[in-house]
Every structure is written in C-alpha cells, then in structure tokens.
Amino acid sequence: MSLTLGEKLQQAREARGATIAEVAEQTRISPLYIESIENNDYRPLPGGIFNKGFVKSFAKYVGVDEQEALQDYLSLMANQEIPVADEPKTYKPEVLTDERANSSNLMTIVFAVIILGLMTWGILTLVNYLQNKQNQSVANTNTNSANNAANENSTANTNVNVSQPLPSMDEISAEFKVTEEVAATVIADGKKTYPIWTATTPTIIKAKDSLNVSYSKSKAAVAQMILNGKPITLPSQGVPGTAVVKFEINKTNIAEILQSGQISIGTMPNSNTNVNTAR
C-alpha cells in the first residue's frame, strides 16, 4: 500500500530527526498547519495557493521532491472531491440594517444636546454668581470706606469744635520736674521760700491766690511744670535785662495759662506787698 502525502512528509521529517516545532521555525509555517498536513487534514489551512505553498516548503525542507508532493496533494484533494482554488477562502459578513439603530443614534444625539445645554447653563450661572459676589464685595468695601471716612471726619470735627474743659481753678497746684538740680525762689500767697528742685523727686507747690516763681535762666531748658494736672510750657528766656526766669500765676491769669498751655515771662509782685520770708 502506497503512503499518503502526510505519511511521506512525516517519515521524511522523522528521518531527519526534526521536530514539528523545528520545521515550523525554519519554514515559517504554523505548527498547527504542519501537523494538519501530516494528518492529511487540510481543513485548518487557509486553502488555495497557500496550501500549495505550505506543501512545497514542507517537502523541500524534509528532502521530498516538491513536484511529487504537489501532485500527491492535488490527487488527495481530487479523491476527497475538494475543489482546489487559486484564491484562499474568504468570508464576507452580511451587513444588517435596523431602524432601531437610527432611533438609538437620534436618542443619543438628543441626550448629548441636553447634557451640553445643562453644562452650559451651569457654567453661565456660576460665572454670574461669582461676578455678582465680586461686585457686592467691592460695593461693601466702598461703602465701609466711605463710612469710615465720614466717621473720621465727624470725629475730627468733634475734636476740633468741642473744646476741652479746663482743670479746676479753685487753687493753684504747680508740680515742677527737673532733669538736674535747680535753685528756685518761690512766693506762694506772700510766703517766700528757696526750694532746691532735684531730678529724683518732683516738687509740688500749692497756693490759694498767687504763685511767683523765679530761677536762673541757665536752667530754663531743664525745668517742666504741670499746672492743676495740665502740662504747661515754661518760658525759655529770662526777663529782659536779667539773668533769671520769672513768672506769676494768679486768679487773673490762670485761666489764660491753662487755655493756652504756656506761660509768659511775668514780673515779681509789687514791692509794697507784705511778704513773709522763710529760708
């Protein structure tokens, strides 16, 4: 009994000691196709000229005559009543149309338009909200600034228009502070004293009706006075023609001194006034 094409090729391969994988690697034919050719089962193969090419390559590699192998292949196909075509089998799928597909596409477009519209509306709403909020914030800031300015102006006008009340003038209370020692002459309600003002402790002198103070003009820059609780600027120069600073505070000029916050150079009391002297 003669051998089939598949048996011939299988025996030739085994005689060469080659495996199906080796044949497949060398011929670039799928191992499935090699095994199918050896089993004379060409159904997995693509058919047509591809089958002829596979048979010839397989036969050439294992040392079988290519034309003989090809004739055996054609005889096998004829015996099996399988037509041998020059073109491989092709499959043309049918394209089915369905009106439902068109309806589905239409619904998809409608939903897409609705979603796009909602997104656009949301974005515009957000932009308008942010703009209104920003404008409101700017308006509030401007209003607050205007109110603050008005309050400041009102406060300033109030401070300017409303005069500060003067301290009590029921008595004369003078507190002297110096940065270095000062020898002074003081006449309080006709009583004369010669106090030494020191930098360590302020000196407080009180009088009911009048207070006369004198000291060297070289000490004019070191002396400060607080009259009835209000700081008063003392003379910075001595009495013209003398080397002393002299001033008098009495019931007549105390209001003016407190109002102006400064004191001018005055004169000593009249020499005819009775004075009690205490050293």
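Put simply, the convex hull of the Cα atoms in the stretch 1-84 casts, on average, a shadow of 5.0 nm².
Among the chymotrypsin sites (Phe, Trp or Tyr not before Pro) in the stretch 178-267, none sits in a DSSP loop with a Cβ that has at most 11 other Cβ atoms within 10 Å.
Which value, in debye to the nearest 20, describes the size of the charge dipole of the stretch 193-263 about its Cα centre when Lys and Arg Cβ atoms bear +1, Asp and Glu Cβ atoms bear -1, and nothing else is charged?
That gives the stretch 193-263 a dipole magnitude of about 100 debye.
Each Lys or Arg adds one and each Asp or Glu subtracts one; over the other residues with Cβ under 13 Å from the Cβ of Val64, this totals -2. Rounded, prolate or oblate, given the Cα gyration tensor of the stretch 167-218, with a/c below 1.5 counting as rounded? Verdict is oblate for the stretch 167-218.
Just so you know, all these numbers are worked out from the coordinates, no wet-lab data involved. None of these values were measured; they are calculated from a predicted model. For neighbour counting, all protein chains shown are included, and Cβ atoms are generated from backbone atoms with ideal geometry for every residue, glycine included.
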